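For reference, the structure discussed in these notes is given below.
What follows draws every value from the coordinates through simple rules; no lab data is involved. Just so we're clear, the structure is a prediction, and the values are computed from it rather than from any experiment. No Cβ is skipped: glycine too gets one built from the backbone with ideal geometry, and neighbour counts run over all protein chains shown.
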Ligand code: ADP
């Protein structure tokens, strides 16, 4: 059976930290679906289409990475894609506290789906989409923190 992982997130926008998690996870899974969430309670700066198109450009040469959007429960979406794994990145202990709750509730709702965590590289631990949105809103240059395909101009 193919090992399919869903990497869910807002990706508003996709950063070097996100890219690193996906590339490192390709060693573990046959296919990774980067699932851009449409129903996040976060205020989005970029449209789902814009966010997805950037991510597709980043992985244009990687056929094992697919980019989709979804809304509703992540575990429901995983089922629809025959994915048995949820992939998440961890930067800090704050991330851990937050992610642990979501992963444990997901596991309680569907025991067949495992959440797999990959630690951020030290050089990516301070990068967040929230900080990047702040830089953009205030006219700064966020290019050093995103893949070159994510053209924020
Ligand atoms: P969400 O709104 O679901 O938190 P994000 O786009 O902020 O979506 O993050 C998606 C996933 O990527 C989360 O697991 C998050 O912890 C992880 N992540 C975010 N930034 C980084 C980073 N710089 N390095 C590694 N993982 C990261």
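Couple of notes before you dig in:
- Over the stretch 4-145, Cα pairs under 8 Å with separation of 6+ residues give a relative contact order of 31 percent.
- Helix 93-109 axis, angle to the chain major axis (alpha carbon atoms, nearest 10°): 30 degrees
- Using alpha-carbon coordinates, inclination of helix 48-58 to the longest axis of the chain, degrees: 90 degrees
- Once Rg and the Kirkwood radius are both taken over the C-alpha atoms of the chain, their ratio Rg/Rh works out to 0.94.
- Each part gets one Cα centre, and for the stretch 56-84 versus the stretch 97-128 those centres are 16 Å apart.
- Cα gyration tensor category, rounded, prolate or oblate, for the stretch 32-99 with a/c compared to 1.5: rounded
- The calculated FRET efficiency for the pair residue 73 and residue 137, based on their C-beta separation and a Förster distance of 22 Å, comes to about 0.10.
- Exposure proxy order (Cβ contacts within 10 Å, fewest to most) of 21, 4, 55: 4, 21, 55
- Residue order for 19, 68, fewest other beta carbons within 10 angstrom first, comes to 68, 19.
- Using distinct alpha-carbon pairs, which all enter the 1/r mean, Kirkwood radius of the stretch 59-135 in Å: 14.4 Å
- Listing 100, 51 from fewest to most neighbouring C-beta atoms within 10 Å gives 100, 51.
- Modelled label positions at residue 126 and residue 80, each set 7 Å beyond Cα in the direction of Cβ, lie 3.9 nm from each other.
- Comparing 14, 117, 96 in a Gaussian network model of the chain, where Cα atoms under 10 Å apart are tied by springs, the biggest mean-square fluctuation is seen for 96.
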